[in-house]
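In what follows, a single structure is set out as structure tokens and then discussed.
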């Protein structure tokens, strides 16, 4: 399958996952709103997700996929599977005691994670209780990430991309049943979150079994490749998890805001994660195995081509997403969530937080692409150094802006830090003369900016025509008005892309239809005509 087709497969499944996530978030907003319980629930989910990004999906994939690809190329699939089995055993041997230690010291961990809560207070105790339930999710999702890495290395991207859908389904069912049965919804959310990790792990295990790629559980032993894997996970953890670390720091500072501050940031982040997930996860998942293979084979022209197409894809979708969120933040939040326990005040704070977060969308996507370039070259130290600078920038910025700008100061600092990360990665890669940008991307970039500008002006003018419909509180008016705004803006943007030649839909559809092994990319895919 071609890169674009793989990208389309992962993006499509991620869209389904994010749509089911919207159902989950809508129910959470309706039943929980932004009170003390909601803040504690979001804190409890954030902690294992931090380590999930550091040790599982982020660092592990960045280190495991290139090594697995090399092992497979040099010694064959059987040897690569043994390497995966050793990695699985070592994951268990390290994460189980690590999780036990964190859980044993959870009250002290919460003093950092929820620094604004007084020990012994109701918010603090709820955060500790819920976190003790959710933290073992880390072990389950780490095994899931390993199985997904094996499948992705063999060009099977669908199963791993579909796994998060089960998380949303489990939580939605739990919320509905919990509300009907009058259960404690905080405990219900925490247990369902843990259960969703088990469901995802079982789904990936079944997918590996069907593909004859089941990962064997072996006696832990540090062989050559396994030792190299865990040596690279350390720095890769910080490099790949910079965004999650920044988010955790943001949540810790948000506990110093009035009640509901954590929930508002979390709801805004969920919306912001829609384009980040659909585009960023798809690009990162499909790009790294390709770059790893082409770097090993010394085919730098192919590296340049796929880096350019990935950057092009990220900017084509990321820039309009930023503009759209900035202009439509309040109508989007109001239409989706201002019902039940989610009041208008929470709408305002969530919309303002979303505007702050939305500036980081293009930067976050570029970080995913640029980091893949370094990881494919077995360089995890450079991204970690850059991410440390970005994290320091985020902390300093958030501390300076917290009091004067409240939640917008936190989100603004986060976005600025991610832009620092992206700019530094690009600068270093350019100095090392890594292949990144081809003539086609240079030619299309200014056209793409023009398309985004025209879409932004059109969206603003359209918003002025229908803004009155969002002041009535009537969903039957808000939903079609928002649909018209988003649909018309997207249509105008698509037409502009075609008119200016910033993107050729004929070329894109032609690429998606191509079949064949990812090891033998068609020449036409590498040398498509510029437009």
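Indicate the gyration tensor shape class of the range 114-170 (rounded, prolate or oblate), computed on the Cα atoms with a ≥ b ≥ c the square roots of the eigenvalues: a/c under 1.5 is rounded; otherwise a/b larger than b/c is prolate and the rest oblate. Since a/c reaches 1.5 and a/b is larger than b/c, the shape of the range 114-170 is classed as prolate.
How much FRET efficiency would the formula 1/(1 + (r/R0)^6) give for residue 488 and residue 344, where r is the Cβ-Cβ distance and R0 is 25 Å, rounded to 0.05? Efficiency for this residue pair is about 0.45. Modelled spin labels at residue 458 and residue 471, positioned 7 Å past Cα toward Cβ, are 2.7 nm from each other. Over the chain, Cα pairs under 8 Å with separation of 6+ residues give a relative contact order of 22 percent. Would you calculate, for the chain, the mean residue ellipticity at 222 nm contributed by helices, counting each DSSP H stretch of 4 or more residues as -39,500 (n - 2.57) and dividing by all residues, to the nearest 500? Helix-only estimate at 222 nm: -27500 deg cm²/dmol.
Look at 191, 108 and count the other Cβ atoms within 10 Å of each Cβ; fewest to most, that gives 108, 191. Neighbour counting of Cβ atoms within 10 Å sorts the residues 463, 302, 75, 431, fewest neighbours leading, into 431, 75, 463, 302.
Compared with the direct C-alpha span, the chain from residue 180 to residue 222 gains 10.1 nm at full extension, assuming 0.36 nm per residue.
Ordering 410, 437 by the number of other Cβ atoms within 10 Å of each residue's own Cβ, fewest first, gives 437, 410.
In this rough spin-label picture, where each label sits 7 Å from Cα along the Cβ direction, the residue 30-residue 256 distance is 3.7 nm.
Across the range 111-238, Cα pairs under 8 Å and at least six residues apart give a relative contact order of 28 percent. Annotation: extensible slack from residue 16 through residue 121 equals 33.9 nm (criterion: 0.36 nm per residue apart, minus Cα-Cα distance).
Sorted largest first, the spans of the alpha carbon positions of the range 3-521 along the three principal axes are 64, 60, 43 Å.
None of the figures in this text is laboratory data; all of them are computed from the coordinates on show. Quick caveat, the model's predicted, so the values are computed rather than measured. Note that we place each Cβ from the backbone using ideal geometry, even for glycine, and neighbour counts take in every protein chain shown.
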